[in-house]
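Quick notes on the structure that follows.
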Amino acid sequence: MTSKTLASSGQAMRATETRPAKRRDLSGLSLCISPAILLIIWELCTRSGWVSPQLLPAPSSILLRVLELAGQADFWQNLGITVYRLISGLLIACVAGVALALIAQLTRWSSFLLDALIRLLAPIPKIALYPALILIMGFESSSKIALVVSDAIFPVLMASWVAAQTVDRKLIWSARAAGTSRSACLWKIILPAISPTVLAGVRVAGVIACVVVFLAEMIASTDGLGHMLTAAARSYRTIDMFVPLVWICVLGFALNLTIAALQRKVDHTN
């Protein structure tokens, strides 16, 4: 092989290695373009008088208000309460969803029962359960967390269950033949194999959890970001209504980025 051939192959390899990095840079840039365009149009419409600032404040005014409220202890307390309810409900939903999906792999009857439960319970609008949850658990965080769990569990459960059914059975048979117990196969073989798909379901569940916890706090709560929006609406403080919306967007975006990073790490590991 000549030196020119080696040089050309080396350049091709370096170009191939840099393509994913360039692709990631372009994807990160594209994430910022469309929101920036929307905010610019929004700002121009408000500043030009096409839309009343009392009905739709300018993004710059909302940002100033966000920074102003960030200096108040009450705001951070409400934000912390919402984060606690969101993360607690999502974690419980993830653990329960994955555990149920793994248990369904033990016998045909467990798989049949899980399938029946999903078909029966998944279409129910979980927000309709909120009055009953309030009667049982009260107005505190328990009812909000339970509502988040009841809605966020299904994306994780369905993703885990479908992924577990596609695991190569030869791996399980080989492990069983080597003396591995059925329960150990679930944790040592099936769970690592389905992790990327499970995290895809967790990303969907994270979006649902953000929506549900915000709605629950708007409907019946004395604290949290949802309560802040409701209180501002009752006092006709339009600009204060947008502050909780900005922060729930920030929470959802940060949660999505975290799960996506974990998903990429698991993909590389596998």
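The values are calculated or read from the model by the stated rules, or taken from the named source; none is laboratory data. Since this is a predicted model, take the numbers as computed values, not measurements. When we count neighbours, we look across all protein chains shown, and the Cβ atoms used for this are built from the backbone with ideal geometry, even at glycine. These area figures cover heavy atoms from the full protein model, side chains too; ligands, DNA and RNA do not enter into them. Shrake-Rupley method; radii C 1.70, N 1.55, O 1.52, S 1.80 Å.
Just a few scattered comments:
- Label-point separation, Ile37 to Phe253 (7 Å along Cα→Cβ), nm: 1.7 nm
- Probe 1.4 Å, protein heavy atoms only - accessible area per residue of region 29-118 in square angstrom: 62 Å²
- Accessible-area composition of region 83-152, carbon plus sulfur, in percent [1.4 Å probe]: 77 percent
- Simple label model, 7 Å out from Cα along Cβ direction - Val95 to Phe139, nm: 2.9 nm
- Once the C-beta distance of Ser174 and Ile124 is scaled by a Förster radius of 35 Å, the resulting FRET efficiency is 0.30 to the nearest 0.05.
- Between Asp115 and Ser48, the simple label model (points 7 Å from Cα in the Cβ direction) yields a spacing of 5.8 nm.
- Expressed as a whole percent, the accessible surface of region 217-270 that belongs to carbon and sulfur atoms is 66, based on a 1.4 Å probe.
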